[in-house]
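The values are calculated or read from the model by the stated rules, or taken from the named source; none is laboratory data. Being a predicted model, the structure only gives us computed values, none of them experimental. Using ideal geometry, Cβ is built from the backbone for each residue, glycine included, and neighbour counts are taken over all protein chains shown. Note: accessible area is taken over every heavy atom of the protein model, side chains too, but ligands, DNA and RNA are not part of it. Shrake-Rupley method; radii C 1.70, N 1.55, O 1.52, S 1.80 Å.
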Amino acid sequence: MTLSAESSSPSALDWKFSQVFGERSPGEEVQDVDTISAIEFEKSGDYLAVGDRGGRVVIFERKARNDIVRDYYNQHDLEQRDFMDTQHPQFQYKTEFQSHEPEFDYLKSLEIEEKINKLKWCATPNGSLFILSTNDKTIKLWKVKERKVRKVKEIDINPVVCPENAVLAERSFIGGQHKPSLDSGYCLEWTNKMDHSDSPSHDGLAEVANIGYGAPARCRKVYAHAHDFNINSISNNSDGETFVSSDDLRINLWNLEVSDQCFNIVDMKPTNMEDLTEVITSAEFHPLHCNLLAYSSSRGFIRLADMRQSALCDHSAKILRDGDSRGSKSFFTEIITSISDIKFGTDGRHILSRDYMNLKLWDTRMETTPVAIYKIHEHLHSKLSDLYNNDAIFDKFGCCVSGDGLHFATGSYSNQLRIFSYGDGSEEGMTIEASKNPSRKPHMQSASRARRSSLSNLTRGFYRQGHENSSPGNSEFSCNLNSKLLHLAWHPKTNLIACGTGNSLFLYNA
């Protein structure tokens with residue numbers, strides 16, 4: 001959908017709490033390694049990937065309709081007509097894997113964190129699940145393969161032996177040795193109950209039972225040793241074959257099938273580093289045209305480059321800049337105008353950008369001014385000095401855009417989720433405190449727990465119907481700088497937002 005003045009204004013969306021994963025108890029301390037650092041929906045919207053600072057990736061999958069109905073009626077004593085309000089995607093835990101481990105660069109005496117910086121799903125024609133994950137230096141391509149798992153257990157004493165079980169026993173116990181059969185593509189896992197000394201009458205027969213599902217992840221490619229500075233973003237191309245990775249000064253183009261070489265397409269490193277005036281903060285491929293690439297900088301510029309024009313795309317790029325920001329400048333001007341994230345709209349014509357103070361919507365045909373500006377931290381203008389002293393001014397907030405391109409979201413302090421609609425006549429939008437579950441019992445108290453191994457230990461996914469406490473404005477509030485919503489993603493096909501606060505994943509639907 002293309003935004004225009006003639007298009008009908010979108011109606012205000014009624015946002016409700018949907019689910020939470022990894023909800024912590026009041027007063028529970030969050031370990032740094034458990035903090036969510038990346039969120040990404042798969043293109044179809046059926047899968048959701050979450051990365052944390054401990055280098056782990058947890059994948060959730062969309063529930064089937066029958067599962068949603070069953071869970072809903074287990075939790076609600078309501079008539080069937082009340083199920084009308086639950087027709088939105090719900091997710092459940094699928095699998096997880098350790099993507100990155102902490103490393104040490106001995107040549108530079110530099111410790112490399114395992115934290116997941118970005119996640120990107122790869123489009124495949126056969127429906128396979130491939131996902132790119134990156135920390136500061138290394139990008140990895142993972143394949144998540146779902147398979148059925150059959151477990152063989154001790155057979156009950158029964159004079160009649162099922163032919164299917166007899167065939168299985170004959171194939172599995174040739175020569176008295178266990179030989180797993182993989183003809184059907186299944187993996188046979190044997191339990192510890194095969195103690196025939198207690199039941200000699202079984203004569204080595206076994207039955208197949210407890211059919212479950214597993215989704216192991218396998219690392220297919222490792223793209224390393226191509227960045228001197230920390231990787232801040234990765235983006236898949238619409239051609240399905242290439243992707244880019246960007247650090248502070250360079251953007252590299254990779255082929256998914258080739259991990260030992262890449263092409264440098266943007267190089268902003270000056271001959272003398274003292275002449276450095278800006279760095280790259282984010283890069284994003286055009287959603288429709290595989291030759292177009294947008295990348296943002298610390299000066300508040302967005303460059304739109306065409307890879308067909310030259311091998312190095314930085315000199316021929318089209319620059320989008322806010323002409324109204326060229327007035328009086330202060331010590332903090334360059335810091336707060338630095339763009340932390342950009343997202344293309346689905347039409348490819350509009351770009352959403354987030355800097356420290358504002359969320360801006362750009363039309364790629366208008367180079368001098370954004371088409372809309374939504375003020376996020378206007379109330380913090382008088383506190384920039386304090387924000388600089390405690391480094392909060394360097395926080396990098398993400399942004400996301402809806403599938404129809406008419407609604408936008410970003411985060412703020414006090415775990416606030418800010419949602420805006422283009423052309424609705426309101427620049428205040430809606431504010432939701434993403435740290436609250438409206439169905440959480442207030443009397444639940446617990447002491448601080450030890451470090452959790454992963455989000456999967458907290459896969460108790462809660463679903464409750466009810467409105468979150470939200471307000472159309474954001475005039476006055478007590479700002480908690482220690483609680484900030486930095487990472488979020490919008491479902492590609494419906495109005496569902498996933499956002500991470502601490503080690504908790506909150507989902508809201510409209």
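Name the residue, out of Leu276, Leu256, that is of a type in the set (A, V, I, L, M, F, W, C), over 18 Å from Asp136 (Cα atoms) and modelled with pLDDT under 95.
Exactly one residue qualifies, and that residue is Leu276.
When the residues of the stretch 68-120 are narrowed to those that are part of a helix (DSSP H, G or I) and buried (at least 16 other Cβ atoms within 10 Å of the Cβ), which ends up modelled with the highest pLDDT? I'd like the intermediate steps shown before the answer.
Within the stretch 68-120, the subset part of a helix (DSSP H, G or I) is 68-75, 80-86.
This time we only want the ones that are buried (at least 16 other Cβ atoms within 10 Å of the Cβ), so: 68, 71-72, 86.
Details: Ile68: 54, Asp71: 57, Tyr72: 53, Thr86: 53.
Within the stretch 68-120, the match that is modelled with the highest pLDDT is Asp71.
Is at least one residue of the stretch 40-55 at pLDDT 90 or above, open to solvent by less than 40 Å² (accessible area, probe 1.4 Å), in contact with a Gly (Cβ under 6 Å, 6 or more places away or on another chain) and not in a loop (DSSP other than H, G, I, E, B)?
no
Just checking, how many residues over the stretch 94-106 are of a type in the set (A, V, I, L, M, F, W, C) and in contact (Cβ under 8 Å) with a residue 40 or more places away in the chain? Lay out the reasoning, then the answer.
From the stretch 94-106, those of a type in the set (A, V, I, L, M, F, W, C) are 97, 104; that's our starting set.
Within this subset, residues satisfying the condition of being in contact (Cβ under 8 Å) with a residue 40 or more places away in the chain are 97.
So the answer is 1.
Residues of the stretch 215-255 being open to solvent by 20 Å² or more (accessible area, probe 1.4 Å), touching a residue at least 40 places away in the same chain (Cβ under 8 Å) and more than 30 Å from Leu276 (Cα to Cα), which ones?
If the condition is that a residue be open to solvent by 20 Å² or more (accessible area, probe 1.4 Å), touching a residue at least 40 places away in the same chain (Cβ under 8 Å) and more than 30 Å from Leu276 (Cα to Cα), then Pro216, Ala217, Arg218, Cys219, Arg220, Lys221, Val222, Ser238, Asp239, Gly240 are the ones that fit.
Could you list, in sequence order, the residues of the stretch 256-276 that are open to solvent by 40 Å² or more (accessible area, probe 1.4 Å), part of a strand (DSSP E or B) and not acidic (Asp, Glu)?
Initial filter on the stretch 256-276 (open to solvent by 40 Å² or more (accessible area, probe 1.4 Å)): 257-258, 260-264, 267, 269, 271-276.
Within this subset, residues satisfying the condition of being part of a strand (DSSP E or B) are 258, 260-264, 267.
Hits for the stretch 256-276 are Val258, Gln261, Cys262, Phe263, Asn264.
Here's the yes/no breakdown for (1) in contact (Cβ under 8 Å) with a residue 24 or more places away in the chain; (2) assigned to a loop (DSSP other than H, G, I, E, B):
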position	(1), (2)
Pro287	yes, yes
Tyr295	yes, no
Arg299	yes, yes
Ala305	yes, no
Leu312	yes, yes
Ser316	no, yes
Ile335	yes, no
Ser340	yes, no
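Taking the stretch 379-421 as the region of interest, how many residues are in contact with a helix residue (DSSP H, G or I) (Cβ under 8 Å, 6 or more places away or on another chain) and of a type in the set (Val, Ile, Thr)?
Counting residues in the stretch 379-421 that are in contact with a helix residue (DSSP H, G or I) (Cβ under 8 Å, 6 or more places away or on another chain) and of a type in the set (Val, Ile, Thr) gives 1.
Can you go through Ile211, Ile251 and tell me which one is among the β-branched types (Val, Ile, Thr) and modelled with pLDDT of 95 or more? Lay out the reasoning, then the answer.
Numbers: Ile211 fails: modelled with pLDDT of 95 or more.
Only one candidate qualifies: Ile251.
Before we move on, is Leu361 under 21 Å from His487 (Cβ atoms), at pLDDT 95 or above and in contact with a Phe, Trp or Tyr (Cβ under 6 Å, 6 or more places away or on another chain)? Full working, then the answer.
Values: under 21 Å from His487 (Cβ atoms): yes; at pLDDT 95 or above: yes; in contact with a Phe, Trp or Tyr (Cβ under 6 Å, 6 or more places away or on another chain): no.
No, not satisfied.
Can you pull out every residue in the stretch 18-36 that is buried (at least 22 other Cβ atoms within 10 Å of the Cβ) and under 16 Å from His487 (Cα atoms)?
Val20, Phe21, Gly22, Asp34, Ile36, listed by residue number.
Scan the stretch 107-126 and report the pairs whose first residue is under 24 Å from Asn236 (Cβ atoms) and whose second residue is at pLDDT 90 or above and open to solvent by 60 Å² or more (accessible area, probe 1.4 Å), with Cβ atoms within less than 6 Å and a gap of 6+ or a chain change.
Ile112/Glu103; Glu114/Glu101; Glu114/Pro102; Lys115/Arg53; Ala123/Lys43
Test of understanding: among Arg308, Arg299, Arg349, Arg354, which residue is of a type outside the set (Gly, Ala, Ser), over 24 Å from the mean Cα position of the chain (by Cα) and under 26 Å from Tyr422 (Cβ atoms)? Give the steps one after another, and end with the answer.
Values: Arg308 fails: under 26 Å from Tyr422 (Cβ atoms); Arg349 fails: over 24 Å from the mean Cα position of the chain (by Cα); Arg354 fails: over 24 Å from the mean Cα position of the chain (by Cα).
Being of a type outside the set (Gly, Ala, Ser), over 24 Å from the mean Cα position of the chain (by Cα) and under 26 Å from Tyr422 (Cβ atoms) holds for just one of Arg308, Arg299, Arg349, Arg354, which is Arg299.
Looking only at residues in the stretch 309-335 that are in contact with a Leu (Cβ under 9 Å, 6 or more places away or on another chain) and farther than 20 Å from Leu380 by Cα, which one is surrounded by the fewest Cβ atoms within 10 Å (Cβ to Cβ)?
So in the stretch 309-335, the residues in contact with a Leu (Cβ under 9 Å, 6 or more places away or on another chain) come out as 313, 317-320, 330-332, 335.
From the residues that got through so far, the ones that are farther than 20 Å from Leu380 by Cα too are 313, 317-320.
Numbers: Cys313: 23, Ala317: 19, Lys318: 14, Ile319: 12, Leu320: 25.
Checked the stretch 309-335; the qualifying residue surrounded by the fewest Cβ atoms within 10 Å (Cβ to Cβ) is Ile319.
Just give me the residues in the stretch 344-372 being open to solvent by 10 Å² or more (accessible area, probe 1.4 Å) and among the polar types (S, T, N, Q), in sequence order.
Correct list: Thr346, Asn358, Thr364, Thr368, Thr369.
Hey, Lys375 hits all of (1) under 20 Å from Val401 (Cα atoms); (2) open to solvent by less than 10 Å² (accessible area, probe 1.4 Å) but one; which does it fall short on?
All conditions are met except number (2).
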